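All remarks here apply to the structure that follows.
The values are calculated or read from the model by the stated rules, or taken from the named source; none is laboratory data. This is a predicted model, so every value here is computed, not measured. Backbone-built Cβ (ideal geometry, glycine too); neighbour counts: all protein chains shown. These area figures cover heavy atoms from the full protein model, side chains too; ligands, DNA and RNA do not enter into them. Shrake-Rupley method; radii C 1.70, N 1.55, O 1.52, S 1.80 Å.
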2 protein chains.
Amino acid sequence: MQLNIRQFSSQDTGFKTELSKLLSWESVSDATVQERVESIVNRIRTEGDDALVELTNTFDRRDVTNASELVIEADELAAAAQRVDSAIVDALEKAAARVKAYHKKQKQTSWQYQEEDGTILGQQITPLDRVGVYVPGGKAAYPSSVLMNVMPAKVAGVGEIVMVVPTPDGFVNDIVLTAAHVAGVDRVITVGGAQAVAALAYGTDTVPRVDKIVGPGNIYVATAKRMVFGQVGIDMIAGPSEILVVSDGLSNPDWIAMDLFSQAEHDEDAQSILISTDLEFIKAVKASMERLIDDMSRKEIIKTSLEGRGALIHVASKEEAIEVANIVAAEHLELSVESPEEWVKDIRHAGAIFMGRYTPEALGDYCAGPNHVLPTSGTARFSSPLGVYDFQKRSSIIHCSHEGASELAKIASPLARGESLEAHALSAEFRIIDKQ
Amino acid sequence: MQLNIRQFSSQDTGFKTELSKLLSWESVSDATVQERVESIVNRIRTEGDDALVELTNTFDRRDVTNASELVIEADELAAAAQRVDSAIVDALEKAAARVKAYHKKQKQTSWQYQEEDGTILGQQITPLDRVGVYVPGGKAAYPSSVLMNVMPAKVAGVGEIVMVVPTPDGFVNDIVLTAAHVAGVDRVITVGGAQAVAALAYGTDTVPRVDKIVGPGNIYVATAKRMVFGQVGIDMIAGPSEILVVSDGLSNPDWIAMDLFSQAEHDEDAQSILISTDLEFIKAVKASMERLIDDMSRKEIIKTSLEGRGALIHVASKEEAIEVANIVAAEHLELSVESPEEWVKDIRHAGAIFMGRYTPEALGDYCAGPNHVLPTSGTARFSSPLGVYDFQKRSSIIHCSHEGASELAKIASPLARGESLEAHALSAEFRIIDKQ
């Protein structure tokens with residue numbers, strides 16, 4: 001199948017403008033969505049479980065009479081695992097073990113130090129009490145996402161993990177429940193949409209109020225998360241998934257073609273970009289794609305994604321490739337090059353960096369260990385993969401000795417008076433030793 | 001002056017409801033604010049410097065003809081320091097040195113580990129390229145806030161720090177510029193409001209686009225920050241400041257009264273709460289407050305704040321005091337008790353913990369070392385003080401050996417097929433050794 005993928009070169013005039021156009025993405029929740037979500041959130045806040053049941057029956061075409069029917073307890077999750085193909089259960093367990101091992105390295109611990117005068121300063125690290133994990137239902141139900149969202153919270157030591165997943169028409173995905181079981185979810189509630197987000201943020205009789213909500217969702221879920229931000233913590237609001245593959249031209253073109261497909265198959269808005277210093281290699285990858293696409297079960301999605309948002313970019317040098325990679329700040333950056341360790345130190349922005357020819361993104365998506373929840377749409381410029389640190393928080397510790405307080409008060413006092421904050425000044429001055 | 005401060009006890013019926021009412025705070029930016037901010041943000045995006053100059057002239061009553069007049073370069077900051085009282089410059093420098101020393105302990109470094117088959121996993125830590133710091137102008141201009149917002153970014157190694165501060169009627173606060181100089185700000189731009197936030201988020205010819213915006217501001221600034229979130233990173237949107245003082249009854253009542261005042265003097269919405277197991281002590285603190293308030297220059301603000309949002313709470317035991325402290329999840333928690341180290345391990349939620357009788361909040365506000373930008377309104381349940389970690393970001397590192405990739409592919413493949421993602425499966429399977 002012929003593919004009309006945008007192709008350009010860093011030598012073209014207007015290259016940076018072209019690149020910027022390629023990368024631009026804006027997800028706008030229009031006023032209608034905004035209003036509908038606001039009304040749903042308000043109903044859950046005021047009517048609690050009654051509204052939750054009614055909205056769930058309406059949107060998910062269900063027939064629930066009592067909110068308790070929405071709850072799946074931990075023992076039922078274990079039962080679901082019995083119904084799933086053992087090869088999948090085994091793979092989920094192996095993946096969970098690897099994800100856990102990696103995330104343990106991210107766990108932060110409290111620290112403190114003492115100054116000469118006896119004053120102690122430090123930082124106390126604690127896990128969140130309770131976290132809500134949103135899992136989409138229906139066809140986009142990804143068990144791997146359950147692992148990736150739940151495991152860091154478990155490693156952080158979060159007290160209770162509540163998962164919500166819509167079950168349209170009552171259809172329950174056993175693999176998703178198995179992933180919840182393997183990851184250690186405490187309770188699943190079969191609700192979705194803005195109503196699920198609102199219930200987690202404010203609590204109902206059935207859904208406990210959580211401290212943070214993580215996990216992907218559609219525009220209603222994203223809008224609701226943005227709305228409840230502040231009442232609870234939220235993770236980043238994700239845009240479409242993207243990959244940037246950088247090749248020195250010595251990779252197997254079929255492998256690179258399939259790596260690009262693996263991103264494009266997610267959905268029509270997904271973005272796959274190849275950068276290479278080798279124009280012949282770019283042509284070879286394109287030929288591989290045109291040959292391989294015919295056999296792909298999701299070929300229509302792949303074609304739409306590649307032709308709409310994909311690109312093949314020829315650059316003049318390694319330095320230019322790195323510069324472009326830093327402008328893109330890709331969610332997934334694959335460095336399919338010889339000695340990638342010589343490239344990686346110059347990469348300033350990327351969600352995850354897949355190094356060498358044997359590290360396709362798919363391995364990171366499922367089981368390498370690092371998280372697959374990554375900053376999209378260039379937000380790697382300022383944000384990080386989901387991690388244990390997202391489920392821990394810090395409290396500053398200040399414990400002054402009398403002598404220490406006395407000396408600090410002499411610094412604080414003129415600054416407080418400079419800001420016309422007299423009570424601040426006096427509160428400090430009260431602790432000055434000579435003044436008592 | 002008599003003070004009508006709410007007083008209640010954990011033994012009252014409906015105590016938890018009363019407590020929850022006391023703590024409730026909702027900052028709503030109404031539709032009018034929302035629309036005005038949206039229009040300002042759009043004008044800056046489309047018209048750039050022209051709109052920035054026009055809006056600044058209008059809102060700040062200025063007479064700027066060219067955007068270049070808005071810029072204060074680093075050498076002019078140094079010159080401002082020459083005009084400021086040397087005692088203040090000295091205090092700023094001492095405070096900055098202490099803040100720097102503490103924050104250095106927060107700096108995270110990259111790590112990696114190798115598995116038996118040669119696969120390398122890790123996390124690469126990099127600083128943000130460019131950060132914007134918003135500093136309010138006029139009467140709420142706090143030089144200490146400049147230090148607290150800029151120092152963590154400096155310690156993180158941020159490449160460039162741009163500060164914006166409105167100068168209504170052209171009035172420039174030399175102490176604020178001195179703080180910027182001491183902290184190491186690269187450039188100050190004298191703009192404020194939603195237009196400053198938009199300029200930092202999208203860039204104009206004069207204002208460079210930044211990767212993250214931090215710093216406090218009014219409702220227009222907060223609304224604009226929420227609007228540009230995603231385009232750039234932002235810090236938490238702060239509510240009114242609060243303090244919770246816990247005393248065992250053996251503290252000096254005057255000291256505690258002044259500590260409560262130091263919070264109340266910020267503004268009418270600020271919240272000061274005292275908890276004690278000792279009812280007599282609560283009465284003594286109230287008497288101290290009624291005696292001391294008459295001499296306070298900001299007594300009207302203090303009175304309004306204490307009577308509107310303050311509270312004196314009697315609890316039955318240390319355990320109850322800790323339980324209430326964890327419900328409040330205060331921005332500032334002062335443990336004015338004997339052996340506070342025996343209390344602190346049970347504190348799960350607090351922005352900063354001030355331990356013992358010699359650690360008033362004011363010392364932490366200016367110079368103890370930890371940051372004074374802290375989670376307000378109970379958000380300490382899920383968020384942390386501003387820190388170096390807010391100006392660093394992480395990229396996951398995955399570098400599979402051929403053998404490692406081959407084994408991981410055998411886990412990834414069934415999971416990918418279970419999610420109907422065939423290209424993911426094939427991309428992984430291509431790296432299986434026997435299959436080649």
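I'd like the full set of residues that are in contact with an Asp or Glu (Cβ under 8 Å, 6 or more places away or on another chain) and farther than 17 Å from residue A:425 by Cβ, limited to the stretch B:258-271. Step through it out loud before you land on a result.
Kept after step one, since they are in contact with an Asp or Glu (Cβ under 8 Å, 6 or more places away or on another chain), are these residues of the stretch B:258-271: B:259, B:262-263, B:265, B:270-271.
Within the stretch B:258-271, B:271 is the sole residue that qualifies.
Taken together, A:311, A:368, A:380 contain a single residue that is among the aliphatic types (A, V, I, L, M), open to solvent by less than 10 Å² (accessible area, probe 1.4 Å) and under 25 Å from residue B:402 (Cβ atoms), which is A:368.
Just for the stretch B:158-172: of the residues that are in contact with a helix residue (DSSP H, G or I) (Cβ under 8 Å, 6 or more places away or on another chain) and open to solvent by 20 Å² or more (accessible area, probe 1.4 Å), which one is nearest to residue B:80 (Cα to Cα)? Across the stretch B:158-172, the extreme among qualifying residues is B:172. Filtered by the rule that a residue be more than 9 Å from chain B (Cβ to nearest Cβ), within 19 Å of the chain's Cα centre (by Cα) and open to solvent by 70 Å² or more (accessible area, probe 1.4 Å), the stretch A:86-129 gives A:100, A:104, A:107.
Screening the stretch A:223-233 for residues that are crowded, with 23+ Cβ neighbours inside 10 Å and closer than 28 Å to residue A:22 by Cα and picking the one that is farthest from the chain's Cα centre (by Cα) gives A:223. Looking across the stretch B:267-319, the residues that are closer than 25 Å to residue B:377 by Cβ, of a type in the set (D, E, K, R) and touching a Gly at 6+ places or on another chain (Cβ under 9 Å) come down to B:268, B:269. Anything in the stretch A:77-127 that is under 26 Å from residue A:362 (Cα atoms) and in contact with a strand residue (DSSP E or B) (Cβ under 8 Å, 6 or more places away or on another chain)? List them, or say none. Those that are under 26 Å from residue A:362 (Cα atoms) and in contact with a strand residue (DSSP E or B) (Cβ under 8 Å, 6 or more places away or on another chain): A:102, A:105, A:106, A:107. State whether the residues of the stretch B:78-85 include one that is at the interface with another protein chain (Cβ under 10 Å from one of its Cβ atoms), modelled with pLDDT under 95, open to solvent by 50 Å² or more (accessible area, probe 1.4 Å) and out of contact with any Lys or Arg (no Cβ under 7 Å at 6 or more places or on another chain). Yes, some residue in the stretch B:78-85 is at the interface with another protein chain (Cβ under 10 Å from one of its Cβ atoms), modelled with pLDDT under 95, open to solvent by 50 Å² or more (accessible area, probe 1.4 Å) and out of contact with any Lys or Arg (no Cβ under 7 Å at 6 or more places or on another chain).
Looking only at the stretch A:338-354, count how many residues are facing chain B (nearest Cβ under 8 Å), open to solvent by 20 Å² or more (accessible area, probe 1.4 Å) and farther than 22 Å from residue A:387 by Cα. Let's see the steps before the verdict.
Here is the first cut: in the stretch A:338-354, the ones facing chain B (nearest Cβ under 8 Å) are A:340-341, A:344, A:347-354.
Right, trim to open to solvent by 20 Å² or more (accessible area, probe 1.4 Å) and you get A:341, A:348.
After this cut, where a residue has to be farther than 22 Å from residue A:387 by Cα as well, the list is A:341.
The number of residues fulfilling the criteria is 1.
Which of the residues belonging to the stretch B:235-274 are of a type in the set (Val, Ile, Thr) and buried (at least 24 other Cβ atoms within 10 Å of the Cβ)? The answer is B:243, B:245, B:246, B:256, B:273.
Name the single residue that is modelled with the lowest pLDDT among those in the stretch B:20-39 being in contact with a Phe, Trp or Tyr (Cβ under 8 Å, 6 or more places away or on another chain) and open to solvent by less than 70 Å² (accessible area, probe 1.4 Å). Full working, then the answer.
So the first thing to find is which residues in the stretch B:20-39 are in contact with a Phe, Trp or Tyr (Cβ under 8 Å, 6 or more places away or on another chain), and the list is B:33, B:36-37.
Those left that are additionally open to solvent by less than 70 Å² (accessible area, probe 1.4 Å): B:33, B:37.
Values: B:33: 89, B:37: 95.
Checking each candidate, the answer is B:33.
Of all residues in the stretch A:1-48, count the ones that are under 28 Å from the mean Cα position of the chain (by Cα) and among the aromatic types (Phe, Trp, Tyr). The qualifying residues number 1.
Scanning for something under 27 Å from residue B:82 (Cβ atoms), of a type outside the set (D, E, K, R) and touching a residue at least 40 places away in the same chain (Cβ under 8 Å), does the stretch B:114-122 turn up at least one residue? So that I can check it myself, show each step before the final result.
Pass one, the stretch B:114-122, residues under 27 Å from residue B:82 (Cβ atoms): none.
No: zero hits.
If you go through the stretch A:132-146 and keep only what is within 9 Å of chain B (Cβ to nearest Cβ), more than 13 Å from the chain's Cα centre (by Cα) and open to solvent by less than 20 Å² (accessible area, probe 1.4 Å), you end up with A:141, A:143. Please find, within the stretch A:57-75, the residue that is nearest to residue A:194 (Cα to Cα) out of those that are charged (D, E, K, R) and open to solvent by 90 Å² or more (accessible area, probe 1.4 Å). That would be A:61. Looking at the stretch B:83-143, none of the strands (runs of 3 or more DSSP E) lying wholly inside it contains 1 or more residues that are among the basic types (Lys, Arg) and not assigned by TED's automatic domain parsing to the domain that holds residue B:218. When the stretch B:176-211 is filtered for residues that are among the polar types (S, T, N, Q), within 26 Å of residue B:32 (Cβ to Cβ) and open to solvent by 10 Å² or more (accessible area, probe 1.4 Å), only B:204 remains. Of the residues B:357, B:417, the single one that is more than 7 Å from every other protein chain (Cβ to nearest Cβ) and in a helix (DSSP H, G or I) is B:417. Which one of these is touching a strand residue (DSSP E or B) at 6+ places or on another chain (Cβ under 9 Å) and either more than 7 Å from chain A (Cβ to nearest Cβ) or part of a helix (DSSP H, G or I) (or both): B:386, B:426? Sole residue among the options that is touching a strand residue (DSSP E or B) at 6+ places or on another chain (Cβ under 9 Å) and either more than 7 Å from chain A (Cβ to nearest Cβ) or part of a helix (DSSP H, G or I) (or both): B:386.
Only one residue in A:308, A:369, A:378 is more than 7 Å from chain B (Cβ to nearest Cβ), of a type outside the set (Lys, Arg) and on the phi > 0 side of the Ramachandran plot. Which one?
After applying the criteria, what remains is A:378.
Residues in the stretch A:322-334 that are more than 9 Å from every other protein chain (Cβ to nearest Cβ) and under 19 Å from residue A:252 (Cβ atoms) were compared, and the one that is surrounded by the most Cβ atoms within 10 Å (Cβ to Cβ) is A:334. State which residue pairs qualify: first residue more than 8 Å from every other protein chain (Cβ to nearest Cβ) and inside the stretch A:232-255, second residue among the charged types (D, E, K, R) and in a strand (DSSP E or B) in any location, beta carbons under 6 Å apart, and separation of 6 or more residues or different chains. Sorted first by the residue in the stretch A:232-255, then by its partner, the pairs are A:245/A:334.
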